Amino acid sequence: MALLSYRDALNQALREEMARDPNVFLMGEEVGVYQGAYKVSRGLLEEFGPMRVVDTPITELGFAGVGVGAAMAGLRPVIEFMTWNFALLAIDQVVNSAAKMLYMSGGQVPIPIVFRGPGGAALMLAAQHSQSFEAWYAHVPGLKVVTPATPADAKGLLKSAIRDNNPVVFIEGEMMYNQKGEVPDGEHIVPLGVADVKREGTDVTLVAHAKMVAVALKAAEELAKEGVSAEVIDPRTLRPLDLPAIVASVRKTNRCVVVEEGWPFAGIGAQVVDGLQRDAFDDLDAPVLRVTGADVPMPYNRQLEKLAKPDAAKVVAAAKKVLYLG
Amino acid sequence: MATKIVMEALSPTMEEGRLVAWKKREGDAVKSGETLAEVETDKAVMELVAREDGVLRKIVLTEGATVPVGALVAIVGGADEDVSSLVGVPAAAPPAPAAGGGSSRAPAPSGAKAPSAAPVAAAPAPATADNPPPTNASSRVRSSPLARRLAAEKGVDLRLVSGTGPNGRVIRRDVEAAGTAAATAAPLPEGAVARAAAAVPHPSAGFQDVPLTTMRKTIARRLSESIGPVPHFFLTTEIEMERAWEARQHLAGLGDATKVSFNDLVVKAVALALRQHPAVNAWFLDDRIRYHGDVHVGMAVAVEDGLITPVLRHADRKGLREIAAEARALAERARARRLTPEEYTGATFSVSNLGMLDIDQFTAVINPPEAGILAVGRIAERAVVVDGAVVARRTMRVTMSCDHRVVDGATGAKFLQTVKLMLENPLAMLL
């Protein structure tokens with residue numbers, strides 16, 4: 001096991017997959033000469049050359065479309081968005097081209113493409129640059145949506161995403177790139193669509209993905225001090241969602257809190273709650289509660305931003321509520 | 001929406017209540033859970049609490065008056081609502097008085113949370129089939145899906161469970177608490193309402209404690225005061241032993257090393273009869289009667305300067321040969337003062353035999369907390385009348401001493417009839 005940063009784990013995944021398959025190439029703003037806006041592509045230009053590590057102008061719609069075309073022609077592009085906020089400009093290519101092509105060609109034209117980059121809020125980047133769009137993409141049939149929370153998952157899931165024959169929206173986190181974690185040596189693959197129990201517990205299930213996994217784990221620590229055993233389950237892939245794993249956890253704990261960084265309305269948590277009320281109805285001892293980002297554009301003010309984001313205290317409070325404590 | 005406040009059954013045996021004092025006046029605002037009045041039940045002064053928010057519009061029952069459970073005592077409603085139509089009309093659904101037959105429904109704790117959706121929720125009580133809650137079509141028990149599933153599995157009536165969740169929601173812990181209470185209380189068979197004598201459970205194993213009913217408590221107190229700490233009474237019958245004699249002869253003829261004695265036959269018959277009459281297979285434990293699921297027969301053995309009662313455990317399940325061997329071994333160990341405490345405690349009923357000492361009949365003293373003991377006299381040829389003619393027959397007189405706090409005359413007599421039937425027809429013991 002090597003201790004790697006989330007950034008370096010992604011870098012390893014890209015390097016290994018580019019070495020493994022000559023059809024894999026990376027394209028985006030600043031991915032080559034600048035080594036990546038967040039240094040995820042460090043060393044790749046030197047190793048694989050400018051034909052496979054392609055710097056683009058600031059033209060999200062354009063290079064996303066080139067990527068889809070390359071995939072149609074048989075390549076396996078990895079398209080890096082500097083952040084998913086900028087990918088709003090490219091969403092037509094993601095939703096209307098990448099996600100539809102296999103269906104509209106009668107199964108003749110698969111689009112094995114990965115769109116990747118950081119999502120969610122960082123710190124004081126204000127309303128336009130602090131958004132979580134995973135619920136948007138998870139809404140679309142034809143797309144897979146992956147949100148790794150640890151370096152090991154980042155590496156293993158990116159490798160699976162690159163090998164997948166469907167378009168994959170791969171959402172990283174600006175605040176996670178520096179986080180370190182153990183990554184298994186050698187070939188490390190994490191299959192898409194399989195949740196992971198990040199902490200075992202018996203009293204309440206905390207469902208969280210991406211940055212919120214750390215928040216949920218911290219909340220679980222706090223709860224443990226009060227004698228509450230919380231289980232933290234990370235779906236890792238939001239579409240397809242590993243609902244059976246979440247249901248199995250709730251069958252054990254009878255109570256659930258879903259945590260997400262994004263907005264509450266029609267969010268990922270709403271989808272989880274839908275599954276639970278249907279498949280775990282008779283196992284619920286309390287309504288499922290959600291902890292989400294506030295239903296507002298992200299404030300720039302540091303204190304207001306803090307209040308608008310989910311944190312461990314909010315998760316602890318929700319967990320106590322479903323446990324009928326206090 | 002105005003609601004009628006009725007006299008509630010605030011104790012398991014309460015049939016009527018006396019209104020001691022109103023705590024609210026007409027026109028006072030009342031909140032769900034607030035005390036409306038103090039009510040004297042057959043046991044104590046309890047609080048009658050509001051089940052819904054509103055205004056105490058009309059006091060129907062004056063202080064000092066006594067009414068049966070279910071009778072209208074007041075009206076709670078909106079401040080300006082017309083409640084005249086409700087006054088003078090009997091309550092549509094008076095709460096059923098709690099069953100007297102050992103119901104474990106507890107009195108409402110004063111100040112208990114009384115969610116409006118669960119009219120009887122103030123009493124954290126398990127449901128019993130004979131103890132239906134007041135029906136109220138407009139109310140629904142709020143409960144979590146898990147609580148409903150667990151309640152169904154445990155046979156707990158959610159309407160009788162006090163919900164501790166928001167808005168009185170019944171949640172898992174409430175059902176589990178009620179389930180535990182139900183398991184320790186004796187479930188009563190259908191139709192046992194208010195018939196104390198019928199409230200005898202049939203535990204299949206272990207035991208079940210049945211709290212003393214008011215009637216049982218009174219019997220216990222009065223009879224104890226009458227003739228001592230254990231109020232004995234005695235039942236004697238004469239048993240024809242011809243067939244038992246023959247059976248024993250046949251068994252002896254088999255050449256078995258272990259000889260079956262008449263006492264072994266008596267023990268076996270008693271054990272089987274106890275199985276059929278669980279009301280006798282019981283202990284009196286001051287505030288409750290413990291009905292045993294197992295049959296352990298104590299066998300009084302005279303020792304040099306006293307007597308001791310070793311126990312034949314599960315005697316109803318043992319064959320005669322086993323009983324004979326065990327009885328002999330226990331008696332020898334008793335005389336050698338080698339019995340361990342486990343061997344002389346835990347009997348659920350006892351047999352004392354003085355037949356070998358030429359006693360025709362006698363009365364034995366009960367070994368508390370057991371509820372009875374059978375005193376066995378000698379077998380002798382006696383002149384009896386059969387079909388109008390005096391003939392000689394081998395007979396044996398037995399006298400059962402009963403603890404009247406547990407066993408009533410008819411109960412003991414029926415038990416004794418079964419013992420007699422078994423010994424007069426030993427083949428019946430094969431059934």
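The values are calculated or read from the model by the stated rules, or taken from the named source; none is laboratory data. Please read these numbers as outputs of a predicted model, since none were measured by experiment. Backbone-built Cβ (ideal geometry, glycine too); neighbour counts: all protein chains shown.
If a residue has to be more than 10 Å from every other protein chain (Cβ to nearest Cβ), under 21 Å from A:ALA280 (Cα atoms) and surrounded by fewer than 18 Cβ atoms within 10 Å (Cβ to Cβ) to count, how many in region B:142-161 make the cut? Break it down stepwise before answering.
Applying the first criterion (more than 10 Å from every other protein chain (Cβ to nearest Cβ)) to region B:142-161 yields B:142, B:151, B:153-161.
This time we only want the ones that are under 21 Å from A:ALA280 (Cα atoms), so: B:142, B:151, B:153-154, B:158.
Right, trim to surrounded by fewer than 18 Cβ atoms within 10 Å (Cβ to Cβ) and you get B:153-154.
Going through region B:142-161 one residue at a time, the tally reaches 2.
Which residues, counting only those in region A:176-228, are basic (Lys, Arg) and under 23 Å from B:LEU146 (Cβ atoms)?
Applying the first criterion (basic (Lys, Arg)) to region A:176-228 yields A:180, A:198-199, A:211, A:218, A:225.
Answer for region A:176-228, where residues must be basic (Lys, Arg) and under 23 Å from B:LEU146 (Cβ atoms): just A:ARG199.
So, in region A:272-317, of the ones that are in a helix (DSSP H, G or I) and more than 30 Å from B:ASP174 (Cα to Cα), which residue ends up farthest from the other protein chains (Cβ to nearest Cβ)? Working first, answer last.
If we filter region A:272-317 for residues that are in a helix (DSSP H, G or I), which is where we start, we get A:272-279, A:281-283, A:302-308, A:312-317.
Next, only the ones that are more than 30 Å from B:ASP174 (Cα to Cα) stay: A:302-308.
Values: A:ARG302: 35, A:GLN303: 31, A:LEU304: 30, A:GLU305: 32, A:LYS306: 29, A:LEU307: 25, A:ALA308: 27 Å.
Applying the filter and picking the extreme gives A:ARG302.
Would you confirm, using the coordinates I've provided, whether B:VAL303 is in contact with a Ser or Thr (Cβ under 9 Å, 6 or more places away or on another chain) and either surrounded by fewer than 16 Cβ atoms within 10 Å (Cβ to Cβ) or under 28 Å from B:ARG405 (Cβ atoms) (or both)? No, not satisfied.
If you go through region B:408-427, how many residues are more than 17 Å from B:SER352 (Cβ to Cβ) and either of a type outside the set (Gly, Ala, Ser) or not assigned by TED's automatic domain parsing to the domain that holds B:VAL230 (or both)? Spell out how you get there, then give the answer.
Taking region B:408-427 first, the residues more than 17 Å from B:SER352 (Cβ to Cβ) are B:408-411, B:413-414, B:417-418, B:420-422, B:424-427.
Okay, now just the ones that are also either of a type outside the set (Gly, Ala, Ser) or not assigned by TED's automatic domain parsing to the domain that holds B:VAL230 (or both), so B:408, B:411, B:414, B:417-418, B:420-422, B:424-427.
Summing the residues that are more than 17 Å from B:SER352 (Cβ to Cβ) and either of a type outside the set (Gly, Ala, Ser) or not assigned by TED's automatic domain parsing to the domain that holds B:VAL230 (or both) in region B:408-427 gives 12.
A count restricted to region A:89-114 and to residues that are in a helix (DSSP H, G or I) and buried (at least 24 other Cβ atoms within 10 Å of the Cβ) stands at 4.
Summed over region B:277-318, the residues that are modelled with pLDDT of 90 or more and more than 19 Å from B:THR340 (Cβ to Cβ) give a count of 17. If B:THR135 meets every condition in (1) more than 14 Å from chain A (Cβ to nearest Cβ); (2) at pLDDT 50 or above apart from one, which number is that one? All conditions are met except number (2).
Considering region A:20-39, the residues that are closer than 21 Å to A:GLY186 by Cβ and touching a residue at least 12 places away in the same chain (Cβ under 8 Å) include one that is surrounded by the fewest Cβ atoms within 10 Å (Cβ to Cβ), namely A:ASP21. Every condition in (1) outside the structural domain of B:ARG290 (by TED's automatic domain parsing); (2) in a helix (DSSP H, G or I); (3) modelled with pLDDT of 70 or more is met by B:GLY163 except one, and the failing one is (2). Taking the listed residues B:LEU235, B:LEU212, the one that is under 18 Å from the mean Cα position of the chain (by Cα), modelled with pLDDT of 70 or more and in the same structural domain as B:ALA315 (by TED's automatic domain parsing) is B:LEU212, with no other qualifying.
Quick check, is A:VAL78 more than 18 Å from the chain's Cα centre (by Cα) and of a type in the set (Val, Ile, Thr)?
In short, no.
With among the small types (Gly, Ala, Ser), at pLDDT below 90 and under 31 Å from the mean Cα position of the chain (by Cα) as the only criterion, which of B:ALA364, B:ALA336, B:ALA371 stands out? Quick ask: steps written out before the conclusion?
On the way: B:ALA336 fails: under 31 Å from the mean Cα position of the chain (by Cα); B:ALA371 fails: at pLDDT below 90.
After applying the criteria, what remains is B:ALA364.
Residues that are touching a residue at least 12 places away in the same chain (Cβ under 8 Å) and out of contact with any helix residue (DSSP H, G or I) (no Cβ under 6 Å at 6 or more places or on another chain) within region A:99-114 comprise A:ALA99, A:LYS100, A:MET101, A:LEU102, A:TYR103, listed in sequence order. Can you work out which of the residues in region B:339-361 that are assigned to a loop (DSSP other than H, G, I, E, B) and under 34 Å from the mean Cα position of the chain (by Cα) is nearest to B:PRO278 (Cα to Cα)? This residue is B:THR348.
Taking region A:121-231 and the helices (runs of 4 or more DSSP H) fully enclosed by it, no element has 1 or more residues that are touching a Phe, Trp or Tyr at 6+ places or on another chain (Cβ under 7 Å) and surrounded by fewer than 23 Cβ atoms within 10 Å (Cβ to Cβ).
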